[in-house]
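Okay, so here's the structure we're looking at.
The values are calculated or read from the model by the stated rules, or taken from the named source; none is laboratory data. Just so we're clear, the structure is a prediction, and the values are computed from it rather than from any experiment. Neighbour counts are summed over all protein chains in view; Cβ atoms, including those assigned to glycine, are modelled from backbone coordinates with ideal geometry. Accessible surface is based on the protein model in full, side chains and every heavy atom, while ligands, DNA and RNA are left aside. Shrake-Rupley method; radii C 1.70, N 1.55, O 1.52, S 1.80 Å.
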Amino acid sequence: MTQNLQITAARPDPALLDLPWDIPLISWPDDVLAALPRGISRHVVRFVRLSGRVLAIKEIGESVAHREYELLRRLNRLDVPSVVPVGVITGRRDANGERLEAVLVTEHLQFSLPYRALFSQALRPDTATRLIDALAVLLVRLHLVGFYWGDVSLSNTLFRRDAETFAAYLVDAETGDLHRELTPGQRNYDIDLARTNIIGELMDLAAGEMLDEEVDEVGIGDALVERYNELWDALTGAEYFVADDRWRVDAHIERLNRLGFDVGELEMTTDIDGTTVRIQPKVVDAGHHSNRLFRLTGLDVQENQARRLLNDLDSYAAATGRQNDGEQLVAHDWLRTVFEPTVNAVPRELRRKLEPAQIFHEVLDHRWYVSERAERDIPLPEAVASYVEDVLRHRPDEKALLGLPPGRQPSEDDPESDYFHLST
Amino acid sequence: MATVTFDKATRVYPGTERPAVDQLDLHIEDGEFLVLVGPSGCGKSTSLRMLAGLEDVNGGAILIGDRDVTDVQPKDRDIAMVFQNYALYPHMSVADNMGFALKIAGTPKAEIRQRVEEAAKILDLTEYLDRKPKALSGGQRQRVAMGRAIVRQPQVFLMDEPLSNLDAKLRVQTRTQIASLQRRLGVTTVYVTHDQTEALTMGDRIAVLSAGVLQQVGTPREMYDKPANVFVAGFIGSPAMNIGTFDVTDGRAQVGGASLALERAVADGITAADGGRVTLGFRPESLEVVSAGSEGAFDVDVTLVEELGSDAFVYGSLKNGGDLHAGDSNQVIVRIDPRDVPDKGDTISVTIRPEQTHAFSASTGERLG
């Protein structure tokens, strides 16, 4: 082989060398591929299985690859939900010594759902709205850390289930840039582009008859702008009150907590005679509930899943009369006697369908329904058994929901065929 | 259509002292294709983003036509960023892919169709309008993206390194397409690149920036033939110009073993600050191989010969000392007759063709004479 490969990675996996880098990505043999992506991308992208992981490989110009790799690393360090970069590979040559494009390798986000997958399933009518809510939160979080995206869209985002909502992750940072702070011009451009792209993507789903005819594409695009602005104002806006109303400081912080954010720094100023107080959050961090649950139990879950689990923990403390015990101790007992037995009751072969915290959330919902139907309190073990048989068993595997199976290309009149469910 | 004016436009990032763009004065004519070029960090992208409304302007103003847009939101500036995003929608026809932004804006259907058809004609996409994007080649998909911007009929197109993520072949192809398309459309265009070849081949005029400061603006020919300073001289041209700083005695520069008479205007331009030295530059093609000992000749030790078929270049070092090198390399480059190439290790004698020496102040780097 005439190649002189350079792998830039924080922790290079030697198994990467076994992949056929001397072949253009588009011609990689089916036996190394886990799946082909769906839709039309401006770059060639393939999924492969390597050392028990699924990796996404994208052919892209060398400087752009290094740039995107660095950006993704910085976003990860800033704790912004985004895909994890694995590395950049350059110096590829084919058998005739011709140069081949550099590639960017990222880790596939387990249990993530591309928006097209969500729309090809039977859907709750408000799915589009819930996706938009998740994207608005992601965009606000990115803007808070100074990231200008430059290409916000549903297809550049992956979604994970988060209790009854979704959590959004950034997938494509090619056009992005990290600044100390964004100007209003940059934020507005991102929002405007997001609106246009989302409406375009929904119109495309409508053209492919994957969207309910009732759905108003432009209305959903406008909803993103509205949700973003509400959240941005709540998180960064100032509040004024008379000096006696000091309770408003706590109320302000609690309001942000309910939105899922912790206040890292709050600026407080008074006017000259001290009658009016002005407060404005300077540093806010996402993950109020998930951080708290993590501290108490070590469980690392999405924000709304954490909210649900914490509520159940509170009910547990009340039901067992332990509101006055140490919170950590109670949490430990809840984990051991409630959470773990519930998720462990799910047969191993069904665990690829949903994440444990999502299963727990759905079991709680399910218990509520069956209890109501039976007009008695159904104990958790009984609810789990009924959930597994009546609900979970009929759900698709979502652990690695990728694109099309290798070797199958969608035809012209059917631009996208069914998803391929990968088993690792 | 509109002119674009940067009027002492300045951008200072919070927490930094040196402006990223320092009092940029630049007037772009209606319909002109202007390329902003310079090395990484020179301020070219920042300048473009200031025009787009993506960067605050901390001093001066930016005008599109007669309208001061300094504080106008990006979407209200009537500009289009091209190629930033060209995801194509698989279920929509090529026509819908091009016109969907107009549909969102509430443009009447008949008008959308008309604008899309006009754009498709210019882009050679007419026969594909009712097909799905899957049927298109890579280059045609690029043109659909361009079509999206065209149908909006903006006053100015902005392009920020649009070719950087294309492979080499498609890059050259698309370069030509963009340039000819821009000329047909006649829409004022500001294009950013770090690649001086791209700049020379595409722009009506080029503006070279370095460290946030505009160095020179002019036609590709002017930039090449009459660089305003050492930076532009070294940046424009491939292979790069040979540049060195030499002692001057009695109006003659001592280059290797040769003593070269300076033009009167150059000699008169040397000041005390220059310390009796002058910076000279000459392009690889301005050197001529002559027999040893010829009048005004200096010697170059050959370290490498690069044969490119129609062209050949010698890479070497100046004999008898002296710091003379092309661009970032530490070598002298000489274009030679591809049918008469020396061997590695040989020494060749060269002279500079008449009137092809560029002279710059040794202290300020500004052009002399």
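Taking only C-alpha pairs under 8 Å that are 6+ residues apart, what is the relative contact order of region A:113-234 in percent?
Contact order relative to length: 32 percent.
Debye sum, Cα scatterers, region B:163-249, no solvent: what log₁₀ I/I(0) at q = 0.19, 0.23 1/Å?
Relative scattering, expressed as log10 I(q)/I(0), comes to -0.94, -1.21.
Using a 7 Å offset from the Cα along the Cα-to-Cβ direction at both B:SER137 and B:ALA168, what is the distance between the two label points in nm, to one decimal?
2.0 nm
So, taking all protein chains as they sit and a 1.4 Å probe, how much accessible area belongs to A:GLU226, in Å² rounded to tens?
110 Å²
To the nearest 10 degrees, how steep is helix A:288-297 against the longest Cα principal axis of chain A, on a 0 to 90 scale?
In chain A, helix A:288-297 runs at an angle near 90 degrees to the longest axis.
Please give me, ordered by residue number, the GluC sites (Glu not before Pro) of region A:136-182 that lie in loop per DSSP and have at most 15 other Cβ atoms within 10 Å.
For GluC sites (Glu not before Pro) across region A:136-182 that sit outside H, G, I, E and B with at most 15 neighbouring Cβ atoms in 10 Å, the list reads A:GLU164, A:GLU181.
Taking θ = phi - 60°, what integer Hz values does the Karplus form 6.51 cos²θ - 1.76 cosθ + 1.60 yield along region B:218-229, in sequence order, with x for Gly and Pro?
With the stated coefficients, region B:218-229 comes to x, 6, x, 5, 4, 5, 7, 7, 9, x, 6, 7 Hz.
Taking +1 at the Cβ of each Lys and Arg and -1 at the Cβ of each Asp and Glu, which of B:VAL144, B:ALA168, B:ILE104 sits farthest along the dipole of chain B towards its positive end, judged by Cα position relative to the Cα centre?
Ranked along the dipole, the leading option is B:ILE104.
Relative to the Cα centre, what is the charge dipole magnitude of region B:4-231, using +1 at the beta carbon of each Lys and Arg, -1 at the beta carbon of each Asp and Glu, and rounding to the nearest 20 debye?
Working: 28 positive and 29 negative charges, 192 e Å.
Result for region B:4-231 is approximately 920 debye, rounded to the nearest 20.
Size of the dipole of region A:195-321 about the Cα centre, Lys and Arg at +1 and Asp and Glu at -1 on the beta carbon, nothing else charged, in debye to 20?
Dipole of region A:195-321, to the nearest 20 debye: 800 debye.
Picking from A:PRO184, A:LEU299, A:LEU313, whose Cα lies most toward the positive end of the charge dipole for chain A (charges on Cβ: Lys, Arg +1; Asp, Glu -1)?
Value computed over the given set: A:LEU299.
If you fit an axis through the alpha-carbon atoms of helix A:303-319 and take the longest principal axis of the Cα set of chain A, what angle between them do you get, 0 to 90°, nearest 10?
Computed tilt is about 40 degrees.
Using the Cα centre of region A:6-108 as the reference point, and only Cβ charges (+1 on K/R, -1 on D/E), how large is the resulting charge dipole? Debye, rounded to the nearest 20. The partial results should precede the final answer.
On the way: 14 positive and 14 negative charges, 73 e Å.
Around 360 debye, computed over region A:6-108.
So in region B:96-244, what percent of DSSP beta bridges are antiparallel if you round to the nearest 5? Could you put the intermediate results ahead of the total?
Numbers: 5 of 10 bridges.
Roughly 50 percent of the DSSP beta bridges within region B:96-244 come out antiparallel.
Which FRET efficiency value, to the nearest 0.05, do you get for B:GLU117 and B:ASP66 by plugging their Cβ-Cβ distance into 1/(1 + (r/R0)^6) with R0 = 30 Å?
After rounding, the FRET efficiency stands at 0.40.
What whole number of Å gives the distance from the Cα centroid of region B:84-153 to the Cα centroid of region B:1-62?
Answer, in whole Å: 31.
Grab the Cα-Cα distance for A:ALA243 and A:ARG322, subtract it from 0.36 nm times how many residues apart they are, and report the gain in nm with one decimal.
Answer, rounded to one decimal: 24.6 nm.
Based on the Kirkwood radius over alpha-carbon pairs, what is the Stokes-Einstein translational diffusion coefficient of region A:1-93 at 20 °C with 1.002 mPa s viscosity, in µm²/s?
Roughly 150 µm²/s, to the nearest whole number.
From the phi angles alone, apply the Karplus equation (6.51, -1.76, 1.60; θ = phi - 60°) to region A:132-142 and give each ³J(HN,Hα) in whole Hz, x where the residue is Gly or Pro.
Per-residue couplings from phi come out as 5, 4, 5, 5, 4, 5, 4, 5, 5, 5, 5 Hz.
Given C-alpha coordinates of the protein assembly as shown, what is the ratio Rg to Rh with the Kirkwood estimate of Rh? Before the final figure, lay out each step's value.
Numbers: Rg = 31.7 Å, Rh = 30.5 Å.
In the protein assembly as shown, Rg relative to Rh is 1.04.
Please label the shape of chain A as rounded, prolate or oblate, based on the square roots a ≥ b ≥ c of the eigenvalues of the alpha-carbon gyration tensor (a/c under 1.5 means rounded; beyond that, a/b larger than b/c means prolate, else oblate).
Judged from the Cα gyration tensor, chain A comes out oblate (a/c at least 1.5, b/c at or above a/b).
In nm, what is the difference between 0.36 nm times the number of residues separating A:GLU230 and A:ARG348 and their Cα-Cα distance? Don't skip to the end; give the middle numbers.
Values: separation 118, 0.36 × 118 = 42.48 nm, distance 4.24 nm.
Full extension from A:GLU230 to A:ARG348 adds 38.2 nm.
Taking the C-alpha atoms of chain B, how large are the radius of gyration and the largest Cα-Cα span, Dmax, in Å?
Looking at chain B, its Cα Rg and Dmax stand at 24.8, 78 Å.
Determine, at each q value in 0.12 (inverse angstroms), the log₁₀ of I(q)/I(0) that the Debye formula gives when each Cα of region B:240-361 is one equal point scatterer.
-0.42
Calculate what fraction, in whole %, of the accessible area of chain A sits on carbon and sulfur atoms when a 1.4 Å probe is rolled over the protein chains.
48 percent
Mind listing the long-range amide H neighbours of A:SER82? Cut-off is under 5 Å, sequence gap 5 or more, other chains count too, H placed in the peptide plane at 1.01 Å from N.
Residues meeting the amide H criterion: A:LEU170.
Just to confirm the number: angle between the C-alpha axis of helix A:62-77 and the first principal axis of chain A, 0 to 90 degrees, nearest 10?
20 degrees
Percent relative contact order of region A:6-108, based on C-alpha pairs within less than 8 angstrom and at least six residues apart?
With pairs under 8 Å counted, the relative contact order is 32 percent.
What FRET efficiency do you get for A:ASP79 and A:ASP365 if R0 is 22 Å and r is their Cβ-Cβ distance, rounded to the nearest 0.05?
It comes out at approximately 0.15.
Under 19 Å from a label point 7 Å along Cα→Cβ of A:GLU372: give me every residue in region A:304-318 with its amide N that close.
A:308, A:312
Please work out how much length the chain gains when fully extended from A:GLU265 to A:ALA10, using 0.36 nm per residue of separation minus the C-alpha to C-alpha distance, in nm with one decimal.
Length gained between A:GLU265 and A:ALA10: 88.6 nm.
For A:TYR369, A:TYR228, give the ranking by accessible area with the largest first, probe 1.4 Å. Working shown, then result.
Values: A:TYR369 130, A:TYR228 0 Å².
The ordering from most to least exposed comes out as A:TYR369, A:TYR228.
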